[in-house]
Amino acid sequence: MDHGNTRFGCDRKMKSAVILGIESSCDDTSAAIVRDGMLLSNVIANQQIHAAYGGVVPELASRAHQQNIVPVVSEALKRAKVDKSELSAVAFTRGPGLLGSLLVGTSFAKGLAQSLNIPIIDVNHLQGHVLAHFINDDKQDRQKPKFPFLCLLVSGGNSQIICVDDFFKMKIIGQTIDDAAGEAFDKCAKVMGLPYPGGPHVDKLAKTGNPTKFVFSKPNIKDYNYSFSGLKTSFLYFLRDKMAKNENFITENINDLCASLQATVVDILMKKLISAANDLNIKEIALAGGVSANSALRQTFVDYGEKLKWNVFIPPFEYTTDNAAMIATAGYFKYLKNDFCEITEVPFARVEM
């Protein structure tokens, strides 16, 4: 939506653009400041309470966001050495995500923007993950993917292959028809008695395991789409049968189980991506989302990049999970286009790219 002709559309090219980004789509409250495309701060408040329930509890998440958002925004401004009066716009995650959590971030963004008489910018959470590759910070000068590129977006809620033609011209060409890769990791980890979130624990234990020790089901899904529900069921039944013969099977084989599970998920993800890259003749390949922190997936990305002559782009660990740096960066690109959001717009739990 382009609102460049509103009262906010004057003289911005002559001034420094300072964007506050707010991310509250799930259980992390985050705020970041970007000035003229350069990240100055990125603050994240995690919610530990959900570990006791084995997953995110939406009501608890929204309450924690209410407690965290003011101190998180305040700390982001402090670290960036920016006063709120210097802000040019407030960018916020509009969706997809947990509606209660999104409402907290959306409401705060609207209230702050109105008090400062500055525009608000809505950001698609998934586009934010893709645009994490364009975050500029003072740590290192990273190469950016060139358009068009393919992005494998993998997280607890999404497993997608996205064709990116421009900053905001993206098309999902493949996605999961049921569970996401991160969800499969978490659910299988729970069956093995590992803490939530299970993905990082599987990754850690897999480092000393044999990835070929056990064989699990791989789906046969058409086109570039994914499915992980069959793997989850296969894994559950496999453990059930083994435990019937040896009640200590999981404990005795935990490292090999994690390594084999991880190798299966990575293989499923990469086969579809390779097929899409070959069919579309695209060599610029990016990785994004929370599961992109997985060490096996990152290494496999590098290995295939060398083998298939890809230019691969893997985000730094701090930009893989939900963070406001990607929201502020996406907001900055929208700001340059005068692409603002009306104050009447509401968040959505599900939105298309």
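Annotations for the structure displayed:
- Whichever aspartates and glutamates have a C-alpha closer than 20 Å to that of LYS222, once near sequence neighbours (fewer than 8 apart) are set aside: ASP178, ASP179, ASP267, ASP279
- Qualifying lysines (Cα of each under 20 Å from Cα of LYS139; at least 8 residues distant if same chain): LYS78, LYS81
- For the stretch 15-79, applying the loop criterion from DSSP together with a ceiling of 16 other beta carbons within 10 Å to the trypsin sites (Lys or Arg not before Pro) yields LYS15.
- THR208, THR321, ranked by accessible area, largest first (probe 1.4 Å): THR208, THR321
- Solvent exposure of the stretch 260-353 amounts to 41 Å² per residue of accessible area, where only protein heavy atoms count and the probe is 1.4 Å.
- To put it simply, the accessible area of the stretch 233-307 at a 1.4 Å probe is 48 percent carbon and sulfur.
- Ellipticity estimate at 222 nm from DSSP helix runs (n ≥ 4, -39,500 (n - 2.57)) divided over the chain, nearest 500: -13500 deg cm²/dmol
- Pairs exceeding a 22 Å alpha-carbon distance, out of LYS144/LYS337; LYS146/LYS307; LYS144/LYS169; LYS187/LYS207; LYS207/LYS272: LYS207/LYS272.
- Accessible surface of LYS169, taken over heavy atoms with a 1.4 Å probe and every protein chain present, rounds to 130 Å².
- Length-normalised contact order of the chain in % [C-alpha pairs under 8 Å, at least 6 apart]: 26
- C-alpha long axis of helix 99-116 to longest principal axis of the chain, angle in °: 20
- Probe 1.4 Å - accessible area at ILE268, Å² to nearest ten: 10
- Sequence-distant contacts, meaning Cα pairs under 8 Å at least 6 residues apart, place the relative contact order of the stretch 56-118 at 42 percent.
- Each peptide in 21-28, 82-89 gets a packing score, the mean of other Cβ atoms within 10 Å over its residues, and the list from highest to lowest is 21-28, 82-89.
- Relative to the dominant Cα principal axis of the chain, helix 58-80 is inclined by about 50°.
- Per residue Cα convex hull volume in Å³ - calculated over the stretch 284-331: 63
- Couplings for the stretch 323-339, taken from phi via the Karplus curve 6.51 cos²θ - 1.76 cosθ + 1.60 with θ = phi - 60°, read 8, 7, 4, 5, 6, 5, 5, 4, x, 5, 5, 5, 4, 5, 9, 6, 9 Hz in order; Gly and Pro are left as x.
- Distant-in-sequence amide H partners of SER41 (H built 1.01 Å from N, under 5 Å): ILE33
- The Cβ shell under 14 Å around GLY198 holds other residues with a net charge of 0, Lys and Arg each +1, Asp and Glu each -1.
- The value given for the chain is a Kirkwood hydrodynamic radius of 21.0 Å, derived from the mean inverse Cα-Cα separation.
- Shape of the stretch 38-171, Cα gyration tensor, a/c cut at 1.5: oblate
The values are calculated or read from the model by the stated rules, or taken from the named source; none is laboratory data. This one's a predicted model, so the numbers in the text were calculated from it and none came from an experiment. Reconstructed Cβ throughout: ideal geometry from the backbone, glycine too, with neighbour counts over all protein chains shown. Only protein heavy atoms, including side chains, enter the accessible area calculation; ligands, DNA and RNA are left aside. Shrake-Rupley method; radii C 1.70, N 1.55, O 1.52, S 1.80 Å.
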